[in-house]
Amino acid sequence: MNKKVNYELCKHRDKNVIFIHFAYTKELDKWVRSLVGIKWSQTKKSWYVIDNETYRNMFGLPSLPILGKDAINNICEINQPAMERYIETLQLKAYSQKTIITYRNEFAQLLQILKNNDVNELNADRLRSYFLYCTNELKLSENTLHSRINAVKFYFEKVLKQDKMFFDIPRPKKPSILPKTISTRDIKKLFEVTTNLKHNTMLKLCYGMGLRVSEIINLKITDIDSGNMQVLIEKSKGKKDRYVNLPQTILEQLRNYYKEFKPKKYLFEGQYGDKYSIRSTQQVFKNAMKKAKINKAIGIHGLRHSFATHLLENGTDIKFIQELLGHNDIKTTLRYTHVSEKSLKKIKSPLDTLE
């Protein structure tokens, strides 16, 4: 089928897209209309999808470059070797793809503004001036500024081995933001209105095990040990493995889900057998919130916050919650406050306490 189709990679409405060109046949038209996120361009008279790795694999196109053409074009030739060494060092240190992209983009901001000035000649005073510019002129948020400082710091300390460059550069204080949660009453309502078995199971596991959205989509069938009622969360944030308790009340539903959807590798798979996307999972939550008429500005991560908060309200020791959430630092977990004593094995998921 794809031999009769031509693909065009380009920019459209400020987004990287893949245009799909083909001579009309009923079969091809039906196929292209079935693609998730497919849109029609009136100006180009062609169907298109967002340029991402899933579609590139599907269409047999080259993988996305780790450094986009736009960023390369905005970095002068003198600093392109620095960017190449930067990315290679990140890869050799086995940073996640997400971290590599974030660091790369933040470092690119510095290289672009330097134009034909060599980044290797920067000293602490000039870097200080750059971060003041980011604060006063660009008005970057505290979190974005932290991310940019970390990215630039990585180059000078890990690539160039200049350990003392950042001693005199103060960091902005991060705002102390309390986690947003959903009440148990609203969570029950959320599950009641989500009638799609896959979506309902997905949301219940997110809440019932306190998972990040990246963790729920990366769950494999082999990670679930129903005999011991535990689930392996593999290579999560910080490349850390951990076990979480499988809620007793989800077991029968999980078996029914498996029988109906027959996933092959990942517990939640998309239309073409690959893992469910983060964006689609977030949309499932958003739709459920809207259907349940819960008017609260909160994302799917709120289910994880609610898991921790409701465990605390049930008297669970903060140390056990830290372990279940996979936090390295107890300070992160202490945002949920309160301490009590209970055995980790006796902990019941808050999903099991819903009536």
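No value in this document is a laboratory result; all are computed from the given coordinates. Computed from a prediction, not measured in an experiment: that's the story for all the values here. So basically every Cβ, Gly included, is an ideal-geometry build from the backbone, and we count neighbours across all protein chains shown.
Some values worked out for this structure:
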read-out	value
Unit charges on C-beta of K, R, D, E only; dipole of the range 184-353, Debye	460
Segment LYS265-ASN57, extension gain: residue separation times 0.36 nm, minus the distance between their alpha carbons	73.1 nm
log₁₀ of I(q)/I(0) at q = 0.15, 0.22, 0.30 Å⁻¹ - the range 2-59, Debye sum with one point per alpha carbon	-0.39, -0.87, -1.57
Dipole of the chain [Lys/Arg +1, Asp/Glu -1 at C-beta], most positive-end residue of GLN253, LEU90, TYR133	GLN253
Using θ = phi - 60° and Karplus 6.51 cos²θ - 1.76 cosθ + 1.60, couplings along the range 301-309 (whole Hz; Gly, Pro as x)	4, x, 5, 5, 4, 5, 3, 5, 5
Charge context of ILE149, other residues only, Cβ under 10 angstrom, K/R +1, D/E -1	+2
Charge dipole magnitude, Cβ of K and R +1, D and E -1 - the range 94-150, Cα centre, debye nearest 20	160
Which labelled figure in [x] 38, 33, 18; [y] 39, 34, 15; [z] 49, 25, 16 is semi-axes √(5λ) of the Cα gyration tensor in Å, once derived from the coordinates	[x]
Amide H contacts under 5 Å for LYS275, placed H, 5+ residues apart	GLY270
5 angstrom amide H check on SER46, placed H, neighbours 5+ away	SER41
Linear extension gain, ASN6 paired with LEU251, 0.36 nm per residue minus alpha-carbon span	83.6 nm
Members of LYS189/LYS286; LYS259/LYS296; LYS15/LYS198; LYS188/LYS286; LYS180/LYS348 lying beyond 25 Å, as alpha-carbon distances in this model show	LYS259/LYS296; LYS15/LYS198
Karplus-derived 3J(HN,Hα), 6.51/-1.76/1.60, for each residue of the range 208-224, Hz, glycine and proline x	x, 10, x, 8, 6, 5, 5, 6, 5, 6, 8, 5, 9, 4, 6, 7, 9
Size of charge dipole - the chain - debye, nearest 20, with Cβ of Lys, Arg +1 and Asp, Glu -1, no other charges	900
Rounded to whole Hz, the Karplus (6.51, -1.76, 1.60) HN-Hα couplings of the range 76-93, x for glycine and proline	5, 4, 4, 9, 5, x, 5, 5, 5, 5, 4, 5, 4, 5, 4, 5, 5, 7
Bins of 5 Å from zero: percent of alpha-carbon pairs in the range 174-287	2, 10, 21, 25, 21, 13, 5, 2, 1, 0
